[in-house]
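The values are calculated or read from the model by the stated rules, or taken from the named source; none is laboratory data. The structure displayed is predicted, hence computed values, not measured ones. Cβ: placed from backbone, ideal geometry, glycine included. Neighbour counts: every protein chain shown.
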Amino acid sequence: MARQSQLIFLGAPGSGKGTQANYLVKNFGYKHVSTGDLLRAEIGKGSSLGMRVKGIIDAGHLVDDMTVLDLLKANCDTSSGHFIFDGFPRTLNQAKLLDEQLLRGCATQAVYFKMDLEALVQRITNRRVAPKSGMIYNLLTRPPKRPGICDVSGEPLIHRKDDTEEVIRNRIDVFKATIDEMVEFYTQKGILKVINANAEENAIRENLLSALGLNGVNKDLPY
């Protein structure tokens, strides 16, 4: 059944992957995989893998693909849990490794949140976040009721340093260099769903649930 699939979310930074992943986590029991969080947690455990990761980072190097795969295998038991991989894979090689070493034999769906990249620049540069409540606002499309203040917690909103136009355009350039071959890879496997991420949040959610076969699923049922 579709709701038993492992999910791979593809899309440019700010295309809404995280927002939709959070919804699936809260309502359908998925676990959202953040490689950054896993790296920090493994280092905190003081495990042999964590110490290997710490050594790589302390030396100023990027964590290599095989080490990330070892991290995922140590923390993602696909025989008993259902995961959303968001932020990994970022390259065709990572996609192949994930498929071969972790998801082989699993029912899997890849979702591409496709969006006009110029519109995306506007979306991200107008994004404001509330660190404590986790709420995300947009000055153009979803502003807070009081300027600069979170509706939920009353805390000041912040404009993250990586939400500036220069940083965003650099990240988009990196994304454009790798996305086409990844889309082709998952298309050839017959598991790719494409979602129009230019739409409003609720419309994106409805399209996503429909694509995944989750519309009308009883959310209270266990997997």
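Determine whether GLN122 is surrounded by 14 or more Cβ atoms within 10 Å (Cβ to Cβ) and out of contact with any helix residue (DSSP H, G or I) (no Cβ under 7 Å at 6 or more places or on another chain).
yes
If you go through region 55-65, how many residues are at pLDDT 90 or above and either small (Gly, Ala, Ser) or more than 19 Å from GLY87 (Cβ to Cβ) (or both)?
1
Conditions tested, residue by residue: (1) out of contact with any Asp or Glu (no Cβ under 7 Å at 6 or more places or on another chain); (2) touching a residue at least 12 places away in the same chain (Cβ under 8 Å); (3) polar (S, T, N, Q); (4) closer than 22 Å to LYS26 by Cα.
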{"site": "LEU157", "(1), (2), (3), (4)": "yes, yes, no, no"}
{"site": "ASP180", "(1), (2), (3), (4)": "yes, no, no, no"}
{"site": "GLN188", "(1), (2), (3), (4)": "yes, no, yes, no"}
{"site": "ASN202", "(1), (2), (3), (4)": "yes, no, yes, yes"}
{"site": "LEU212", "(1), (2), (3), (4)": "yes, yes, no, yes"}
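Which residue pairs have Cβ atoms under 7 Å apart, sit 6 or more places apart or on different chains, and have a first residue in region 94-108 that is of a type in the set (A, V, I, L, M) and a second that is surrounded by fewer than 14 Cβ atoms within 10 Å (Cβ to Cβ) and not in a loop (DSSP other than H, G, I, E, B)?
Pairs found: LEU102/LYS73; ALA107/GLN4.
Being buried (at least 17 other Cβ atoms within 10 Å of the Cβ) and in contact with a Lys or Arg (Cβ under 8 Å, 6 or more places away or on another chain) is the filter; apply it to region 93-107 and report the residue that is farthest from VAL183 (Cα to Cα).
Of everything passing the filter in region 93-107, LEU102 is farthest from VAL183 (Cα to Cα).
Sort out which residues of region 130-152 are closer than 23 Å to LEU10 by Cβ and over 17 Å from the mean Cα position of the chain (by Cα), and write them in order of number.
ASN138, THR141
Assuming ASP162 fulfils every condition listed in (1) within 19 Å of the chain's Cα centre (by Cα); (2) more than 21 Å from PHE88 (Cβ to Cβ) apart from one, which condition is it?
(2)
Right, ILE179: within 16 Å of the chain's Cα centre (by Cα), closer than 18 Å to THR19 by Cα and not in a loop (DSSP other than H, G, I, E, B) or not?
Criteria not met by ILE179.
When you check ILE84 against the structure, is it among the aliphatic types (A, V, I, L, M), touching a Gly at 6+ places or on another chain (Cβ under 7 Å) and modelled with pLDDT of 90 or more, yes or no?
So ILE84 does not fit the description; no.
Given the criteria over 18 Å from the mean Cα position of the chain (by Cα), closer than 18 Å to THR125 by Cβ and surrounded by 13 or more Cβ atoms within 10 Å (Cβ to Cβ), does GLY213 qualify?
Criteria not met by GLY213.
Looking at VAL152 and the list (1) surrounded by 13 or more Cβ atoms within 10 Å (Cβ to Cβ); (2) among the β-branched types (Val, Ile, Thr); (3) touching a Ser or Thr at 6+ places or on another chain (Cβ under 8 Å), which single condition is not satisfied?
If we test VAL152 against (1) surrounded by 13 or more Cβ atoms within 10 Å (Cβ to Cβ); (2) among the β-branched types (Val, Ile, Thr); (3) touching a Ser or Thr at 6+ places or on another chain (Cβ under 8 Å), just (1) comes out false.
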